[in-house]
Amino acid sequence: MSIALHVSLVLIGLSLTWTIIRLEDRPPSPIVEAGLPAVHLPAVMEITPIELVSEGPAPVPPAPEMEPLPDIEVPQVAPPIVSPGTPAEVAGIETVFAGNDLPPGDLVFVIDASGTMIPWFHAILDELERTLEGMRDGDRFAVILFRGSDSITVPPGRLRPAARAQRTAALRWLRDFGNWGGPARGSDPVAALEDAFSLAPSTIVLFSSGMDASSSFRLDPTEVLAKIATASTAAEATDGTAPVIRCVQLLPGDATTADPLLTAIAAAHGGGTVHLVTPEELDP
C-alpha cells in the first residue's frame with residue numbers, strides 16, 4: 001500500500017507539471033477593438049450623500065396669487081321723491097307710456113287712429129300692452145280711439161280693472177281691425193275726449209302724431225279747445241275734480257316740434273308739457 005501511495009503522488013505531480021508547461025507554451029488570446037474611445041475612470045468616485053427627510057407633515061405648497069378683480073361701477077339710484085302727506089300706496093310712478101311717466105289710478109288712453117298712424121299702429125298697441133302690464137291690479141283703465149270725428153270706445157266702454165284677463169281682452173279686440181275698421185281719415189279728438197271725461201278718470205293720456213294731419217281734414221283750434229274746456233268743467237262740477245290730460249306726440253319723419261293744438265291742450269289741462277317720442281323709441 002505504501003508503494004501504491006507513492007506511485008499515485010508521483011503521477012499527480014507529473015500531471016500538474018505537464019499542464020503548467022502547456023499553458024506557458026500557448027500563444028496569447030487576440031484582442032478585438034470595437035473602435036470606441038477609451039474611457040478613463042477616476043481613481044476615486046465622489047458620492048454625494050443623500051439627506052433623508054425626517055418623518056412629519058407633508059409640506060404645503062404656497063397658495064396661488066389671486067388676480068385683482070376689475071372695478072365694477074355700481075349705479076347710484078336716487079330714492080323716489082314723495083311729497084309730504086302723500087299716502088304711501090300712491091307714491092311714485094307706477095306705469096310708463098311711450099316714455100311718459102303716469103301716476104297710479106284710473107287711466108283712459110285716447111289714441112289717434114287716423115290714417116297717418118297706420119305704419120306705427122301695431123307698435124303703439126305693443127306700447128299700450130307694456131303700459132297695461134305695469135299697472136296695479138287695483139288700478140282701472142279704458143281705451144278710446146278717435147278716427148276723423150268718430151269716437152271708438154273699446155268694449156265694455158267703461159273703466160275696467162287692470163287685471164290680466166281684462167288687459168288681454170281689450171288688446172285682443174284692438175288688434176283685430178275688423179272690430180273697428182282700422183286706422184283711417186283725419187284727427188279730431190273732441191268726441192273721444194268728451195267720452196273720456198265722462199268716465200271720470202284721474203288721468204287721460206292723449207296720444208297722436210299731431211292734430212289736423214290730413215290736408216282734407218281741418219280743425220278750428222279755438223272750437224276744439226272750447227269743447228274740451230266745457231267737458232273738463234262738467235267733470236269737475238260732477239266729481240269735484242277734472243282729469244289731467246297727458247299729451248304724448250309721435251314724431252314721424254323730420255318733425256322736431258310739438259303740434260300747436262296738442263301744446264295748447266297740454267297748457268290748458270296737462271301742465272303745459274307735450275312728451276315727444278320717435279318711432280324708434282316707440283318700438284325699440
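Restricting the search to the stretch 175-209, which residues are part of a loop (DSSP other than H, G, I, E, B) and of a type in the set (A, V, I, L, M)? Don't jump to the end; show me each part of the working.
Looking only at the stretch 175-209, we keep the residues that are part of a loop (DSSP other than H, G, I, E, B), and these are 176, 180-186, 188-189, 199-202, 209.
Selection gives ALA184, LEU199, ALA200.
Scanning the stretch 247-284 for residues that are touching a strand residue (DSSP E or B) at 6+ places or on another chain (Cβ under 8 Å) and acidic (Asp, Glu) turns up just one, ASP259.
Yes/no matrix, rows are residues, columns are (1) farther than 14 Å from ARG140 by Cα; (2) touching a strand residue (DSSP E or B) at 6+ places or on another chain (Cβ under 8 Å):
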| site | (1), (2) |
| --- | --- |
| ALA162 | no, yes |
| ALA165 | no, no |
| PHE177 | yes, no |
| ARG185 | yes, yes |
| PRO189 | yes, yes |
| LEU193 | yes, yes |
| ALA196 | no, yes |
| LEU199 | no, yes |
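Pick out, from the stretch 94-158, the strands (runs of 3 or more DSSP E) lying fully within it that include 1 or more residues that are in contact with a Leu (Cβ under 8 Å, 6 or more places away or on another chain).
Working: elements: 95-97, 100-102, 106-112, 140-147, 150-153.
Output list reads 95-97, 106-112, 140-147, 150-153.
Out of everything in the stretch 261-275 that is outside any loop (DSSP other than H, G, I, E, B) and out of contact with any Gly (no Cβ under 9 Å at 6 or more places or on another chain), what residue ends up being farthest from GLU194 (Cα to Cα)?
Filtering the stretch 261-275 for residues outside any loop (DSSP other than H, G, I, E, B) gives 261-269, 274-275.
In the following step, the residues that additionally are out of contact with any Gly (no Cβ under 9 Å at 6 or more places or on another chain) were identified as 264-265, 267-269, 274.
Working: ALA264: 17, ILE265: 13, ALA267: 18, ALA268: 15, HIS269: 13, VAL274: 20 Å.
Once the filter is applied, the top-ranked residue is VAL274.
Under 8 Å between Cβ atoms, at least 6 apart or on separate chains: pull out the pairs that start in the stretch 122-147 with a residue that is of a type in the set (Gly, Ala, Ser) and end on any residue that is in a helix (DSSP H, G or I) and buried (at least 22 other Cβ atoms within 10 Å of the Cβ). Final answer for the pair search is ALA142/ALA196. Could you say whether any residue in the stretch 138-151 is among the aliphatic types (A, V, I, L, M), within 14 Å of GLN166 (Cα to Cα) and touching a helix residue (DSSP H, G or I) at 6+ places or on another chain (Cβ under 7 Å)? Yes: one or more hits. Quick check on the stretch 234-242. Is at least one of its residues of a type outside the set (Gly, Ala, Ser), surrounded by 14 or more Cβ atoms within 10 Å (Cβ to Cβ) and in a loop (DSSP other than H, G, I, E, B)? No. Residues in the stretch 139-178 that are under 20 Å from PRO104 (Cα atoms), more than 27 Å from the chain's Cα centre (by Cα) and of a type in the set (Lys, Arg): 3 in all.
Values quoted throughout were computed directly from the atomic coordinates according to the rules given, and no laboratory measurement underlies them. Quick caveat, the model's predicted, so the values are computed rather than measured. Please note: Cβ atoms are built from the backbone with ideal geometry, for glycine as well, and neighbour counts cover all protein chains shown.
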